[in-house]
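Note sheet for the following structure.
The values are calculated or read from the model by the stated rules, or taken from the named source; none is laboratory data. Keep in mind that this is a model prediction, so the values were computed, not measured. Here Cβ is always computed from backbone atoms with ideal geometry, including for glycine, and neighbour counts include all displayed protein chains. Accessible surface areas use protein heavy atoms only, side chains included; no ligands, DNA or RNA. Shrake-Rupley method; radii C 1.70, N 1.55, O 1.52, S 1.80 Å.
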Amino acid sequence: LEFTPDFVWIKARSVGHSHAWFDSVRGVSKVMYSNARNEEGSYSGLLTSFHRGGFTVGNYDDENQNGTTYVAWCWKAGGAAVTNNDGNITSSVSANQEAGFSVATYTGSTASGALTVGHGLGRKPAWVIIKRRDGGNHDWIIGHQGLATNAFANNKFLKFETGGTFTNSQVFGVEPTTTVTQIVTDGSSGATNLTSTGTYVMYSWAEIPGYSSFGSYIGNGSDDGPYVHLGFKAAWIMIKLVDGGNDDWPIYDNKRDPDNPCDHRLFANTSTAEGAVGQEHFDILSNGIKFRKQKNPFNNSGKTYIYMAFAERPSGTMFGLDANAR
């Protein structure tokens, strides 16, 4: 890579292995799987280092099975974590304010009242993922600004499963601020805060114009599908149907599909191998994406979808580095 990563997400493409999540705040040997509710695992031979210019894998099948093809998606946070006391729950945070990404860990509390955790971004998060690390099986809790108007304040969230939007008054409860995310409205929610000894990780992304976009669109059920304006040429896109049915979390990128159309997809919520090649899902354009197929995971008529997208390179900079079409 051209940077030292703080979050590495690895998935086998040619065979069915789990999505392995690693970050520098929990530590290189700690792994979680977005397609499972399991507690955090600790293995010395999965990912062995984050280092300048990339990362190194060990000899486990999820990351390095002989002859298997893989993809890795990587984000840079802020390196070594620092103590953050912005919330009434202390967190350890690695934050990259320029790119709008942070990783935070914290320990739960049984205190009453609103409970908040500092995220370190210096701006309001648009996409937040929280997972309990210990104590057995617990859901992934996913907040996203595209779920509704004031989605966090209205207790809207998703899980890494096929279902649509959930509403629970014990989750979030107010909009995140430039310093903190409210995780629960009291100390009783098992999803994001259960006990004074439960440990958690929180990944947060803020929207950076020209680099990242987190929004929603409505499908039209046509092979001449909707155009979604991003303001940049995308490198990575994940989509989720959030109303009117159940479906998976397809992920696309510009490395597995260097040319249009994009149709190599993996699902964040399943361990299945890469599939659906040749179905012409969408084109990556210089400033957005254009859907080319009617399909339930991304373009059914009248259905609402959210998306998360990151740029191939930041667009609209002071140096005029606007993206070219593919």
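Can you tell me which residues in the range 188-206 are surrounded by fewer than 19 Cβ atoms within 10 Å (Cβ to Cβ) and either at pLDDT 95 or above or out of contact with any Phe, Trp or Tyr (no Cβ under 8 Å at 6 or more places or on another chain) (or both)? Spell out how you get there, then give the answer.
As a first pass, look at the range 188-206 and keep what is surrounded by fewer than 19 Cβ atoms within 10 Å (Cβ to Cβ): 188, 190, 195-197, 199.
188, 190, 195, 196, 197 - these are the residues of the range 188-206 that are surrounded by fewer than 19 Cβ atoms within 10 Å (Cβ to Cβ) and either at pLDDT 95 or above or out of contact with any Phe, Trp or Tyr (no Cβ under 8 Å at 6 or more places or on another chain) (or both).
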If I filter the range 86-96 for residues that are open to solvent by 10 Å² or more (accessible area, probe 1.4 Å), in contact with an Asp or Glu (Cβ under 6 Å, 6 or more places away or on another chain) and in a loop (DSSP other than H, G, I, E, B), do I get at least one hit? no
So which pairs qualify, if the first residue must be in the range 223-244 and over 20 Å from residue 266 (Cα atoms) and in contact (Cβ under 8 Å) with a residue 12 or more places away in the chain, the second must be of a type in the set (S, T, N, Q) and not in a loop (DSSP other than H, G, I, E, B), the Cβ gap must be under 6 Å, and the two must be at least 6 apart or on different chains? 225/299; 230/213; 243/304
Any chance residue 247 is in a loop (DSSP other than H, G, I, E, B), open to solvent by 10 Å² or more (accessible area, probe 1.4 Å) and touching a strand residue (DSSP E or B) at 6+ places or on another chain (Cβ under 6 Å): yes
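State yes or no: is residue 272 open to solvent by 20 Å² or more (accessible area, probe 1.4 Å), in contact (Cβ under 8 Å) with a residue 60 or more places away in the chain and closer than 23 Å to residue 69 by Cα?
Working: open to solvent by 20 Å² or more (accessible area, probe 1.4 Å): yes; in contact (Cβ under 8 Å) with a residue 60 or more places away in the chain: yes; closer than 23 Å to residue 69 by Cα: yes.
In short, yes.
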Restricting to the range 34-52, and then to whatever is open to solvent by less than 40 Å² (accessible area, probe 1.4 Å) and not in a loop (DSSP other than H, G, I, E, B), can you tell me which residue is farthest from residue 79 (Cα to Cα)? 41
Suppose the filter is open to solvent by less than 60 Å² (accessible area, probe 1.4 Å) and either touching a helix residue (DSSP H, G or I) at 6+ places or on another chain (Cβ under 7 Å) or over 29 Å from residue 119 (Cα atoms) (or both); does residue 12 pass it? yes
Breaking point among (1) assigned to a loop (DSSP other than H, G, I, E, B); (2) open to solvent by less than 50 Å² (accessible area, probe 1.4 Å), for residue 266: (1)
Out of everything in the range 58-70 that is surrounded by 15 or more Cβ atoms within 10 Å (Cβ to Cβ) and at pLDDT 95 or above, what residue ends up being farthest from residue 274 (Cα to Cα)? 68
Using beta carbons and a limit of 7 Å, which pairs, at least six apart or on different chains, have the first residue in the range 153-174 and free of Cβ contacts under 8 Å to residues at least 12 places away in the same chain and the second one not in a loop (DSSP other than H, G, I, E, B)? 166/157; 166/158
